[in-house]
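Read through the structure below, which is laid out as structure tokens, and then see the notes.
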Amino acid sequence: MMLYTLPLAAAGDALIVSSGSTNSPGFRIVVERSGSAIYTPVPRKSDTQAKSRSLKLPAALVKRLYSDLDAGKPLAELRGGHCMKSASFGSSLTIEFEGDKTPDLSCPDQGNPRLQALIQDASEIVKLF
């Protein structure tokens, strides 16, 4: 039996989390302030060969992400980020930072510029992987 563990974000690191759904696996991306990032797919029961990947993110993107996270505090209280989804096919995308967590970034931002900035940051980072 293979035991699979996900990397944990160290204090001060940002963690982008996709819950995945019935049709798509989830993932976690740990983004360090240094710009190092680790993408780890969350394997399904049948897929124990999931491999982590790492890369160095552009410094400007990392700086903007952390600036937007600080500007968005408290993250859990950001307005927007709520939408109806299928129970089996819907997934969510969030950022966890300093014990706080954004609303679902895969939902519309409802005109909230702080939430819009975090949606853009997370989308850019996910696309790099």
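Observations
- Separation between Cα centres of the stretch 54-85 and the stretch 97-129, rounded to whole Å: 5 Å
- Pairs of Lys in the chain closer than 28 Å at Cα, counting only those 8 or more apart or on different chains: 18
- Summed side-chain charge close to residue 99 - residues other than residue 99 whose Cβ falls under 15 Å, Lys, Arg +1, Asp, Glu -1: -4
- Estimated dipole of the stretch 14-128 in Debye, rounded to 20 [Cβ of Lys and Arg +1, of Asp and Glu -1, Cα centre]: 360 debye
- Spacing of the two label points (7 Å from each Cα toward its C-beta) at residue 73 and residue 23, in nm: 3.9 nm
- Neighbours of residue 120, meaning other residues whose beta-carbon lies under 10 angstrom from its beta-carbon, give a summed charge of -3 when Lys and Arg score +1 and Asp and Glu score -1.
- The chain: C-alpha gyration tensor shape, a/c 1.5 cut-off, then a/b vs b/c: oblate
Every number in this text was worked out from the coordinates using simple rules, so none of it is lab data. Computed from a predicted structure; not experimentally measured. We place every Cβ from the backbone using ideal geometry, glycine too, and count neighbours over all the protein chains shown.
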